[in-house]
Amino acid sequence: WCLYQLANLALTLDIKVLAEGALIALRRIPKPWPDAIEGAEQYLLARFVQGPETEDRVLDAWLRALDAAIERNVETIAAGCLCHLARIERLRGRFDRAERWAQELLDLAEDRQLAIQKVIGFVELALICDARGDRVQARESWFKALSLARRLRLHDLLFEIHAERWRLAVRRGDERAARAELASARRELRFLDAAPSGYRDVARVIEREARARDRRGRARRSPRTSRPV
């Protein structure tokens, strides 16, 4: 279990050499493994697949991971697979399929009381609805995601929600909404050691704006030099 967690964390941190080493060490352990590890092995392998998420081989890898997680009854891994499948289909523009995967994720999270996965499901559903132009359903899903994440004080997910909403506002050219979402993301980032993986672009924008504010503040505080008469 420790080797699985090490490989998973290394992948999240994008330390591929460490992740590969942990996976090799894990696969040298003779089977049978505990069900939780058997169900998670294909999940790890899917995370190793390189290339655009829209490629068939990436989709196939996540389908195999989902089947393994369901067979071994590892709900949290199954939920992660469903999220990836919804994202892949959304990026492909196949919104009906994406919504079905997202709804399966929400149903699983509701049935098994997986609160974090439920937040993730609402976020993915909001992104799907926004991508296909259903702004009313998107707002409802964003509201549910934000409400649950705030109640549970999930600052990493709150940061991701505001970061995603900032990206959407930037793409729409809505500067006012973009400023509001960036300010909210900045508040949540204070509770974290670093921005979640995949959102370093947002963290860089926050850092750049913070430096600009500091420069403006120093300029206001610095004494003005009087012109010679």
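The values are calculated or read from the model by the stated rules, or taken from the named source; none is laboratory data. Being a predicted model, the structure only gives us computed values, none of them experimental. Glycine gets a Cβ as well: all are built from the backbone with ideal geometry, and neighbour counts include every protein chain shown. Note: areas computed on protein heavy atoms with side chains; ligands, DNA, RNA excluded. Shrake-Rupley method; radii C 1.70, N 1.55, O 1.52, S 1.80 Å.
Looking only at the range 106-119, count how many residues are part of a helix (DSSP H, G or I) and either closer than 15 Å to HIS162 by Cβ or more than 17 Å from the chain's Cα centre (by Cα) (or both). Result for the range 106-119: 6.
Just to be sure before I move on: is LEU6 of a type outside the set (Gly, Ala, Ser), over 30 Å from ARG92 (Cβ atoms) and open to solvent by 40 Å² or more (accessible area, probe 1.4 Å) in the structure I sent? Yes: the conditions hold for LEU6. Being assigned to a helix (DSSP H, G or I) and open to solvent by 40 Å² or more (accessible area, probe 1.4 Å): is that true of GLU99 here? Yes: the conditions hold for GLU99. Of the residues screened, TRP142 is one that is farther than 24 Å from PRO52 by Cα, open to solvent by less than 20 Å² (accessible area, probe 1.4 Å), among the aromatic types (Phe, Trp, Tyr) and outside any loop (DSSP other than H, G, I, E, B).
Residues in the range 173-187 that are surrounded by fewer than 19 Cβ atoms within 10 Å (Cβ to Cβ) and within 21 Å of PHE122 (Cα to Cα): ALA177, ALA180, SER184.
Residues in the range 84-95 that are surrounded by fewer than 21 Cβ atoms within 10 Å (Cβ to Cβ) and not basic (Lys, Arg) were compared, and the one that is nearest to the chain's Cα centre (by Cα) is LEU91. Being closer than 30 Å to ASN73 by Cα and hydrophobic (A, V, I, L, M, F, W, C) narrows it down to one of ALA163, ALA177, ALA98, ALA131, so name that one. The conditions single out ALA98.
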